[in-house]
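Let me begin by presenting the structure, written as structure tokens, before commenting on it.
What follows draws every value from the coordinates through simple rules; no lab data is involved. Remember, predicted model here, so these are calculated numbers, not experimental data. Here the Cβ positions follow ideal geometry from the backbone for every residue, glycine too, while neighbour counts run over all protein chains shown.
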């Protein structure tokens, strides 16, 4: 009986020691080392890839956001056309007026889960295409896909160069800027494929709009 108690005690003691050692290694030392390396070598990425303008954090380059100037009488957001607009977010079509960015909200991130043949999605895409065409003065055939469809996360921070260039003329007009300078701004903020072959060229909307605001203020 005494041997059994001693053996049980030794097992419990060994288990407790193992728990304490692993807690110290995995729960304290490892997180401290990883955090220290991340802060030292990848400070911006470790802190959310924040973008600042004039000393104020205005967002993250990893997350899209809306650019509105209020709501209409039905509660739908009204896009502020002084800024480049991102692609629609998940929930495309929930806005009865034009479907623009109604769901850029971290709490409801996700895709619409609607199939390509879904009648609600098809109707929303047609409505969005008509709005883009009328707003930016281009034929519907020139409206790129990312202007009328949301990303899988609903939080895509980038748009295609084609969609950015399509908006450039109207953005220049709204800000009383030379269209050529705004188009050059788009070109300057167009990133190529990762490592030259992965993905597609893209424009980060937040970075572009920060540069646009500086240009409009005479600081660009």
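Note on the chain: Kirkwood radius taken over Cα pairs, Stokes-Einstein applied at 25 °C and 0.890 mPa s, translational D equal to 119 µm² s⁻¹. Of all DSSP bridge pairs formed entirely within the stretch 53-216, close to 100 percent run antiparallel. A P(r) calculated from all alpha carbon pairs of the stretch 2-47, with 10 Å bins opening at zero, reads 26, 26, 19, 15, 10, 5 percent. Rounded to 0.05, the FRET efficiency of the residue 178 and residue 43 pair, given R0 = 45 Å and the Cβ-Cβ distance, is 0.75.
Each peptide in 169-180, 14-25, 193-204 gets a packing score, the mean of other Cβ atoms within 10 Å over its residues, and the list from highest to lowest is 169-180, 193-204, 14-25.
Expressed per residue, the C-alpha convex hull volume of the stretch 112-167 stands at 79 Å³. So if each residue of separation counts as 0.36 nm, and I subtract the Cα-Cα distance between residue 118 and residue 26, what length gain in nm does that give? My answer for the length gained is 28.3 nm. Computing Rg and the Kirkwood Rh from the Cα coordinates of the stretch 1-79 gives a ratio, Rg/Rh, of 1.46. Full extension of the chain between residue 134 and residue 7 yields a length gain of 37.5 nm, computed as 0.36 nm times the residue separation minus the alpha carbon distance. One quarter of the convex hull surface built on the alpha carbon atoms of the stretch 130-217 amounts to 6.3 nm², the projected area averaged over directions.
Each helix, a run of at least 4 DSSP H residues, gives -39500 (n - 2.57); summed and divided by the residues of the chain, these come to -13500 deg cm²/dmol at 222 nm. When you count the other C-beta atoms within 10 angstrom of each residue and take the mean per peptide, 32-45, 117-130 line up highest first as 117-130, 32-45.
With each label modelled as a point 7 angstrom along the Cα→C-beta vector, the residue 54-residue 74 pair spans 3.5 nm.
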